[in-house]
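Step one of this worksheet: look at the structure below.
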Amino acid sequence: MDTRLAVYWDFESLHGALCGIRRGADWLAQNRFSKQDALIDVAAIMEFVVGLGSVDTNKAYADWGAMEGYAPALQRHSADLHQQFYPDGAPRLGADIRMAFDIVEDITQDPALGTVVLVGGGSEYLSLT
């Protein structure tokens, strides 16, 4: 039987981790509101994920004003882009909390989902491994 998957992307966390590695720890904080270059290979990640089963749910969370360069690649893989708004301009676990609610809701509404895949770059997900 084919495993049905739900994929959730904490895009700002993932992008921020790569920025820290490639451009230095403070780079993203200083350039948060600028249009961001695409550093994440969405196709490679989705190729891996599709090898695990069939993707039924694919949701990505970010401030898409700054991360708009990723939108075409995500949409090619049928990702729903969920806009995150940060009233004071600083993301503080906004995507994490929204993802947690969405995951609980999705697996409750569709118990046939066999696997949840979290794609992120922060340590807040370590307790789930």
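Nothing in this text is a laboratory measurement; each read-out follows from the coordinates by a stated rule. Keep in mind the model is a prediction, meaning the values are calculated, not measured.
If each DSSP helix of 4+ residues adds -39,500 (n - 2.57) and the sum is divided by the residues in the chain, what number results at 222 nm, nearest 500 deg cm²/dmol?
-11000 deg cm²/dmol
Largest first and in whole Å, the equivalent-ellipsoid semi-axes of the chain read 25, 16, 13, each the square root of five times a Cα gyration tensor eigenvalue. Near Gly120, the amide H atoms lying under 5 Å from its own belong to Asp10; only residues 5 or more places off or on other chains count, and H is placed 1.01 Å from N.
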